[in-house]
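The values are calculated or read from the model by the stated rules, or taken from the named source; none is laboratory data. Computed from a predicted structure; not experimentally measured. Quick reminder, even Gly has a Cβ in these numbers, built from the backbone with ideal geometry, and neighbours come from all protein chains shown. Accessible surface is based on the protein model in full, side chains and every heavy atom, while ligands, DNA and RNA are left aside. Shrake-Rupley method; radii C 1.70, N 1.55, O 1.52, S 1.80 Å.
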Amino acid sequence: MRIQGIYAALATASMDRAQAFYTQLFDRGPDDRPMDGLIQWRNVAGANIQIFHDKENAGFGRLTIVVPKMDEARRSLEDFGVKLTGESESDYGRIAHFADPDGNRITLAEPPSRPFGT
């Protein structure tokens, strides 16, 4: 099988609210709307993200975003009213969580300063 691309997808109950949130999070608007009830961002740090209208499944999604500096990411998120929770640190680096307006859980992950296992 030849794979051309992969998209992570999250469900939302409100396309307008989700678009506003993810536009702030990604610091740019969506790249396209290929069909009713679907918006997408391409090449967000190498990943493709789809937000689709699905009230019944909104809030059950998971997304992990790798950031170089947790403290900088926290400040950026706080600028538009998002608070991090559940911060922890281990040999794997630092993680923290927040939710989008639907309750989809987003994990921020800061890699360790040295490669794991060294």
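Brief remarks follow.
- The chain: angle of helix 15-26 to the longest principal axis, Cα-based, in degrees nearest 10: 30 degrees
- Put simply, when 94-101, 69-76 are sorted by average Cβ atoms within 10 angstrom per residue, most first, you get 94-101, 69-76.
- Taking a point 7 Å out from the Cα of residue 48 in the direction of its Cβ, the residues of region 7-25 whose backbone N falls within less than 18 Å of it are 7-11.
- One way to sum up the overall shape of the chain is the equivalent ellipsoid from its Cα gyration tensor, whose semi-axes run 26, 18, 13 Å, largest first.
- Rounded to the nearest 500, the helix-only mean residue ellipticity at 222 nm of the chain stands at -5500 deg cm²/dmol, with each DSSP H run of n ≥ 4 adding -39,500 (n - 2.57).
- Computed from the C-beta positions of residue 15 and residue 87 and an R0 of 25 Å, the FRET efficiency is 0.25 to the nearest 0.05.
- Protein accessible area in the chain, 1.4 Å probe - carbon and sulfur %: 49 percent
- Relative contact order of the chain, pairs being alpha-carbon contacts under 8 Å that are 6 or more residues apart, as %: 25 percent
- Taking a point 7 Å out from the Cα of residue 36 in the direction of its Cβ, none of the residues of region 75-118 has a backbone N less than 11 Å from it.
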